[in-house]
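The block underneath contains the structure these notes are about, expressed in structure tokens.
The values are calculated or read from the model by the stated rules, or taken from the named source; none is laboratory data. Fair warning: this is a prediction, and the values are worked out from it, not measured in the lab. Cβ: placed from backbone, ideal geometry, glycine included. Neighbour counts: every protein chain shown. What goes into the accessible areas is simple: the full protein's heavy atoms, side chains included, and nothing from ligands, DNA or RNA. Shrake-Rupley method; radii C 1.70, N 1.55, O 1.52, S 1.80 Å.
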Amino acid sequence: MAHGDQDLALAEAFPDKLFTRALAQCAATGCSLTALRREVLAAFAASTRPLKAYEIVDRLSTPSRRISPISVYRSLDFLIELGIVHRLATQNAFVLCDHDHAQDETLVFMICQCCGDVDEAVLPGMTRSLAATADAHGFRSRGHSIELQGECEDCRSATSPTGRRG
Ligand SMILES: [Zn+2]
Ligand SMILES: [Zn+2]
């Protein structure tokens with residue numbers, strides 16, 4: 001098997017920044033960016049939309065090589081752990097993070113129900129406030145993210161013939 005060709009194809013599929021960041025984070029945590037992890041990352045890099053696990057399985061599978069969903073889930077868990085991929089609970093999908101925020105920041109995902117686009121932003125100062133609220137209820141939260149459903153700016157201007165803002 002021509003591994004060189006495959007690496008070349010992967011390198012082309014990667015925006016350098018993403019690949020460099022993944023490698024740096026792997027080095028910092030003493031993990032390795034295995035071939036499958038790289039391929040999962042490449043699937044995200046090649047997509048403008050959030051991906052569901054089965055879509056990644058389909059993209060990476062070939063007639064001669066069927067990727068198992070469990071191994072894709074393991075790679076996703078790894079990339080989530082690194083902070084390179086986020087899970088969108090309401091979409092049952094995963095999205096690439098191209099922000100350089102701290103792992104414990106509270107995030108807001110603005111999910112367009114029209115085009116499927118997802119915008120991510122950090123909510124500064126929210127983590128402490130959410131933790132305090134959870135504490136007051138004796139609740140231990142496992143993540144800090146809020147998902148908003150609605151319409152993105154592009155879709156809003158496309159559906160508004162007058163272009164007026166309400
Ligand atoms: Zn992020
Ligand atoms: Zn949209």
inquiry  = Over the range 3-96, what is the relative contact order in percent, taking alpha-carbon pairs closer than 8 angstrom and at least six residues apart?
reply    = 27 percent
request  = Determine the per residue accessible area of the range 25-72 with all protein chains present and a 1.4 angstrom probe, expressed in square angstrom.
outcome  = 54 Å²
query = In nanometres, what is the gap between the two model label sites at Glu55 and Cys31, each 7 Å from Cα along Cα-to-Cβ?
reply = 2.2 nm
query = How much length is gained on full extension from Ser160 to Thr20, taking 0.36 nm per residue of separation minus their Cα-Cα distance?
reply = 46.3 nm
message = If each DSSP helix of 4+ residues adds -39,500 (n - 2.57) and the sum is divided by the residues in the chain, what number results at 222 nm, nearest 500 deg cm²/dmol?
response = -14000 deg cm²/dmol
task = Run the accessible area of the range 19-166 with a 1.4 Å probe and give the carbon-and-sulfur part as a rounded percent.
result = 52 percent
query = Which residues make up the longest stretch of the chain clear of trypsin sites (Lys or Arg not before Pro) that lie in a DSSP loop with no more than 13 other Cβ atoms within 10 Å, not counting the sites?
reply = 67-139
query = Please state the relative contact order of the chain as a whole percent: Cα pairs under 8 Å, 6+ residues apart?
reply = 17 percent
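If you take every residue apart from Cys114 with its C-beta less than 10 Å away from the C-beta of Cys114, what net charge results, scoring Lys and Arg +1 and Asp and Glu -1?
Result for the neighbourhood of Cys114: -2.
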message = Per residue of the range 95-106, what does 6.51 cos²θ - 1.76 cosθ + 1.60 with θ = phi - 60° give for ³J(HN,Hα)? Whole Hz please, x for Gly and Pro, Karplus curve as stated.
response = 9, 6, 9, 10, 9, 10, 9, 5, 4, 9, 5, 8
remark   = Here the FRET efficiency for Thr133 versus His101, based on Cβ atoms and R0 = 35 Å and rounded to 0.05, is 0.95
